[in-house]
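Visitor: Got a structure here, written out as structure tokens. Questions coming.
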């Protein structure tokens, strides 16, 4: 005797809805009273399920529309804010206190620092604990430098064409774990301080010069 395969929670919603909708009405008309009674319940529950599915689909559409509307409203708010901000900057070019009183967040005060000097004292470069990386450190410039530019070389460091941006090319700290472009060949780095005045006056002397494996 072959048994009917029952529906389960693992079945897809579409399969459950289709199969119950197909079987329920036929079962409700069956000659066996008990089968017909149960079939009627299937019809009722399938109808309720269909309503729930419709409500769910409607809610999804409404939610998607609400998300789109929110995004559109956000863009409109940003655009109108920026127009007003630009007009305020235009009309009050030197009145920062008035802008702050209005609630605007202002950019930082331009730095009065000059360009960073050359890092006079050498740094250190060594094999990091993981293969393929170098541990490079250099003397800090303190508050004078907002960040440091890191360049790498292979070959003769006296030839400018042998220098290229390191990986990473910048560091906020006076230290970086660097992945050399080429391993197992002499490689080194030079560091230049940066601040609001721009790139420092000169890079450091080369650091390193030994292979990294």
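The values are calculated or read from the model by the stated rules, or taken from the named source; none is laboratory data. On a predicted model such as this, the values are computed, not experimentally measured, just so you know. Here the Cβ positions follow ideal geometry from the backbone for every residue, glycine too, while neighbour counts run over all protein chains shown.
Visitor: Just to check your reading of the model, which residue among 149, 154 is within 28 Å of the chain's Cα centre (by Cα), modelled with pLDDT of 95 or more and surrounded by 11 or more Cβ atoms within 10 Å (Cβ to Cβ)? Before the answer, list the steps.
Guide: Values: 154 fails: within 28 Å of the chain's Cα centre (by Cα).
Result of the check over 149, 154: 149.
Visitor: Okay, moving on. Out of 36, 76, 52, 40, which single residue is under 33 Å from the mean Cα position of the chain (by Cα), more than 30 Å from residue 176 (Cβ to Cβ) and assigned to a helix (DSSP H, G or I)?
Guide: 76
Visitor: Any idea which of 202, 173 is under 25 Å from the mean Cα position of the chain (by Cα), part of a loop (DSSP other than H, G, I, E, B) and farther than 13 Å from residue 134 by Cα?
Guide: It is 173.
Visitor: While we're here: Could you list, in sequence order, all residues of segment 5-46 that are more than 27 Å from residue 57 (Cα to Cα), surrounded by fewer than 12 Cβ atoms within 10 Å (Cβ to Cβ) and touching a residue at least 12 places away in the same chain (Cβ under 8 Å)?
Guide: Within segment 5-46, no residue meets the criteria.
Visitor: Among the numbered conditions (1) surrounded by 13 or more Cβ atoms within 10 Å (Cβ to Cβ); (2) out of contact with any helix residue (DSSP H, G or I) (no Cβ under 9 Å at 6 or more places or on another chain), tell me where residue 120 comes up short.
Guide: It fails just one condition, (1).
Visitor: Here's another thing I want to ask about it. Taking the stated definitions as given, is residue 39 at pLDDT below 85 and in contact with a helix residue (DSSP H, G or I) (Cβ under 6 Å, 6 or more places away or on another chain)?
Guide: So residue 39 passes the test.
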